[in-house]
1. With the chain treated as a Gaussian network of Cα nodes joined by springs under 10 Å, which of ASN288, ASN62, ASN217 yields the largest mean-square fluctuation?
2. Give me the number: length gained by fully extending ALA234 to GLU36, i.e. 0.36 nm times residue separation minus the C-alpha to C-alpha distance, one decimal in nm.
3. Rule-of-thumb check for segment 137-236: C-alpha Rg over 2.2 N^0.38 Å?
4. Using square roots of five times the C-alpha gyration tensor eigenvalues, list the equivalent-ellipsoid semi-axes of segment 317-410 in whole Å, biggest first.
5. Could you list which residues have their amide H under 5 Å from that of GLU204, counting only those 5 or more apart in sequence or on another chain, with H placed in the peptide plane?
6. What are the ³J(HN,Hα) values, in whole Hz, obtained from phi via the Karplus relation 6.51 cos²θ - 1.76 cosθ + 1.60 with θ = phi - 60°, for each residue of segment 216-231 in sequence order, with x given for Gly and Pro?
7. Mind checking the angle between helix 2-20 and the chain's longest principal axis? C-alpha axes, 0 to 90 degrees, to the nearest 10.
8. Relative contact order of the chain, please, whole-number percent, based on alpha carbon pairs below 8 angstrom and at least 6 residues apart.
Amino acid sequence: MRASLRTATAAAVLLLPRLLCAEPAPPTGRWHATLEPVPGLEVAFGMKVEAKGGGLTGALVNGASESRFTSVSWDGETLTLALDHYDGRLVARAVGASLAGTFVRAIPSGKIELPFRATLAAPPVPRPPKGSPAISGEWGVEMGEGDKAQRLLATFRQDGGRATGTLLGPTGDYGPMHGTWDGQALVLTVFDGVFVYRIDAVAEGAGRLEGTFRSRNGTPVRWIARRLDAAGAAAWLPGGGSVVRAKEPGARVSFSYPSAPGKPVSLDDPEFAGRPVLVTISGTWCPNCHDEAPVLEELWRKFKGKGLAVVALSYEYTEDAERSFRQIARFRERHGLTYPVLFAGTTKGAAASAPISSLEGWKGYPTTLFLDRSHRIVKAHSGFDGPSTGARFAAQKKELEAAVKEILAR
């Protein structure tokens, strides 16, 4: 009996260090996070972390929208949520029952480091008083003043005290915004791995909102909005197909950029010569370009047998070619792209490069050009309205397919 007791005691002594050194369980669950880029500016988002196949997986969450992390790791102290496709990551440590950490991302001037915190407890949702005005619908937004004034279209959806929506401009939408509506005040935020946005507004009479828009720098920009009917919403912004055009309609588009170091690709190459070509002016740092890429891949797969060629020109943040090609490879891998993506240079020098220098009304990324078999611009489309725009996303996909059919028919 004593021998058995001594044996058990010895085993326990040997096991104790292992128990004491056992790695804490990974912080799985649905985390409700708040990014604070500048004091006083809080931008809500979500993080989903799950155990799967002996490892971890997860997604960046904005309302109902989920964007998977490229990898999730836990070393017993630090949780790392990688956003390699944006050259960024969220890094956090457990603080009691919460997480506290930093969002780090490469930008043209170097890198940013923004603090965030997260908890498993969901924030409260307000209950609008009975008879409160509803905000669901489309709104005409006038934002900013002077030469920085711009028109945007807001689309809002309300479910009790929960609100979702986005803003739309000439380069596409502002991403899947989400937040609350208490019957008088609206708060919507989005953090998509690149952009950090928050809008605040209050109702000012029937069918009118007034508030501020803030991005990562925290500077408030005043905006006002009025409710629009279907006809008003359709006319509020110019269509993406009417914003940009060729300076010389009959001129042939020409460019040559590398698909990899030392491998230039031009429209004179056999895979493009004599073919109608869809050219997208893009960037791996651009969320709207990420939204567009799977749609273009779908068009490419559907119509390449009929002669269509597709190519993306990617303008990157820095002149570090190695980094740029790495980000382009990550972009292609994330979306399963089989059409070529070329490194066209930096965003700083984009306006002076081909084919952008031949365009009138160019606003930014993405811009999609539809070239005939002689590589003249037949149509051009500014921006991309992503999945968060609902019916507009579906309509835009049909518009792009119609443009492809047009150049194939020529």
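Each reported figure results from applying straightforward, stated rules to the coordinates on display, with no laboratory input. Since this is a predicted model, take the numbers as computed values, not measurements. For neighbour counting, all protein chains shown are included, and Cβ atoms are generated from backbone atoms with ideal geometry for every residue, glycine included.
1. Evaluated over the chain, the most mobile residue of the options is ASN217.
2. Separation in residues times 0.36 nm, less the Cα-Cα distance, equals 67.7 nm.
3. Relative to the 2.2 N^0.38 Å estimate, segment 137-236 comes out at 1.01.
4. Result for segment 317-410: semi-axes of 24, 19, 15 Å.
5. Here LEU209, GLU210 satisfy the definition.
6. 4, 6, x, 5, x, 10, 6, 9, 10, 9, 10, 5, 10, 7, 4, 5
7. That helix lies at roughly 30 degrees to the long axis.
8. Taking the mean separation of contacting Cα pairs over the length of the chain, I get 13 percent.
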